[in-house]
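Readers should treat all values here as calculations from the given coordinates under stated rules, not as data from a laboratory. Bear in mind the structure is a predicted one, so any value in this text is a computation, not a measurement. In this analysis, Cβ positions are derived from the backbone assuming ideal geometry, glycine residues included, and neighbour counts consider all displayed protein chains.
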Amino acid sequence: MKFEKQASLLKKVLELKNEPLSITFTNESISSDYNGKISICKALKEAVEGNSFVINLESSACPGGNWHCGLSKIPTGEPKKRLQNFLTRGEKLYHSIVAFERLIKLSSPPPTGLGENMVICPLSDATLRPDIVLFLCNAHQACRLISLDTYWDGLQPKIELAGALCHSTISYPVITGETNLTVGDWTARRHQNYGADILFVSIPYERLDNLLKAIPLSTAGNADMEVPDDFKNDI
């Protein structure tokens, strides 16, 4: 009930078209109505429409997503060479192996050992405490979320803007505890047909309570703008 109320408030205040998502790593055995294989980037797109998914080594359709999200080890040897070749000559996302490896080595490590299952579902349907609350939103809504997130301490999040969608939306904020805003990667956006205006904002759940408490106090929430009399001549 708590998660449902939080989702309802966020949708109302921010005028969200898409459901906020709960993402949780767990070793618990969780049932899912979806029995096929699915990639993480597709699951994120379908979850905002009300669907729920349990992603693990058996249900994941994307080997890259598996190691980006810590469900499997980073490939080495010949599998690593094939991956490097695919990203530079197939997807053509990086000019060279050096460029790809630089991105990986300067990013946060995968969240290995967090759990065998990753549950992705609408926040309103969550039965487990989320590790991350993910918003698929427009720039206007993303700005409000970041403003509410920084309301209490004024500390800007250290953002990882690009790279694999599943890394920047899930792995990076899980490992660092940082709120993140990302555009994702071009392959995921193109293959899953994400809307041209969609941005991804990930809020670690431990930060969400303060964000919600800021809503009635901040104009990024639903507080009214007030201009003190002694400031009116300055604007």
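Which order, highest average first, do 25-36, 65-76 follow once you tally other Cβ atoms within 10 Å for each residue and take the mean per peptide? Present the calculation step by step, with values, prior to reporting the outcome.
Values: 25-36: 12.2, 65-76: 19.1.
Going from most to least packed, we get 65-76, 25-36.
If you average the alpha carbon positions of the range 24-92 and of the range 102-127, how far apart do those two centres end up, in angstrom?
So the separation of the two Cα centres works out to 10 Å.
Express the relative contact order of the chain as a whole percentage, based on alpha carbon pairs under 8 Å and six or more residues apart in sequence.
Details: 413 pairs, mean separation 57.8, N = 235.
Averaging sequence separation for qualifying contacts and normalising by length gives 25 percent for the chain.
Using 0.36 nm per residue, how much length does the chain from Asn35 to Thr127 gain when fully extended, once their Cα-Cα distance is taken away?
Values: separation 92, 0.36 × 92 = 33.12 nm, distance 1.93 nm.
Going from the current span to full extension adds 31.2 nm.
Suppose every Lys and Arg Cβ carries +1 and every Asp and Glu Cβ carries -1, with no other charges. What dipole size does the chain come out with about its Cα centre, to the nearest 20 debye? Show your work: numbers first, answer last.
On the way: 24 positive and 27 negative charges, 213 e Å.
In debye, rounded to 20, the chain gives about 1020.
Would you mind checking which residues have amide H under 5 Å from Asp131's amide H? H placed 1.01 Å from N; only 5 or more apart, or other chain.
Ile23, Thr24, Phe25
Sorted by packing (mean other beta-carbon atoms within 10 Å per residue), highest first, where do 3-13, 136-146 land?
Values: 3-13: 17.0, 136-146: 18.6.
Top to bottom by mean Cβ count within 10 Å: 136-146, 3-13.
Would you mind working out the magnitude of the charge dipole of the range 148-217 relative to its Cα centre, with +1 at each Lys and Arg C-beta and -1 at each Asp and Glu C-beta, to the nearest 20 Debye?
Rounded to the nearest 20 debye, it is 160 debye.
Would you please classify the overall shape of the range 1-46 from the alpha carbon gyration tensor, given that a ≥ b ≥ c denote the square roots of the eigenvalues, rounded means a/c under 1.5, and beyond that prolate means a/b larger than b/c while oblate covers the rest?
On the way: a/c = 2.84, a/b = 1.60, b/c = 1.78.
Oblate.
Work out from phi, with θ = phi - 60° and the Karplus expression 6.51 cos²θ - 1.76 cosθ + 1.60, the ³J(HN,Hα) of each residue of the range 100-107, listed in order in whole Hz, and give x for Gly and Pro.
So the Karplus estimates, Gly and Pro as x, are 5, 5, 4, 4, 5, 6, 8, 9 Hz.
For the range 89-235, build the charge dipole from Cβ charges (+1 Lys, Arg; -1 Asp, Glu) around the Cα centre, then report which of Gly221, Ser107, Leu136 sits farthest towards its positive end.
The one lying farthest along the dipole's positive direction is Ser107.
Calculate, for Asn56 and Glu226, the FRET efficiency according to 1/(1 + (r/R0)^6) with r their C-beta to C-beta distance and R0 45 Å; round to the nearest 0.05. Could you put the intermediate results ahead of the total?
Working: r = 51 Å, r/R0 = 1.13.
With R0 = 45 Å, the Cβ-Cβ based efficiency is 0.35.
In debye, nearest 20, what is the charge dipole magnitude of the range 3-78 about its Cα centre with +1 on Lys and Arg Cβ and -1 on Asp and Glu Cβ, if you could check? Don't skip to the answer; put the middle values down first.
Details: 8 positive and 9 negative charges, 46 e Å.
It works out to roughly 220 debye.
Given Leu57, Pro75, Thr24, which one lies farthest toward the positive end of the charge dipole of the chain, if we put +1 on the Cβ of every Lys and Arg and -1 on the Cβ of every Asp and Glu?
With unit charges placed on the Cβ atoms, the residue in question is Pro75.
Return the percentage of antiparallel bridges among DSSP beta bridges fully within the chain, rounded to the nearest 5 %. Mind showing how you got there, number by number?
On the way: 21 of 22 bridges.
For the chain, the DSSP antiparallel bridge percentage is about 95.
Mind checking the range 29-62 for trypsin sites (Lys or Arg not before Pro) that DSSP puts in a loop (not H, G, I, E or B) and that have at most 15 other Cβ atoms within 10 Å? Intermediate values should be presented prior to the final figure.
Values: sites: Lys37, Lys42, Lys45; in loops: Lys37.
When the trypsin sites (Lys or Arg not before Pro) of the range 29-62 are filtered for loop state and at most 15 Cβ neighbours within 10 Å, Lys37 remain.
Go ahead and collect, in residue order, the members of the range 175-210 whose backbone nitrogen is under 17 Å from a label point 7 Å along the Cα-Cβ direction of Tyr94.
Within reach of a label on Tyr94: 184-188.
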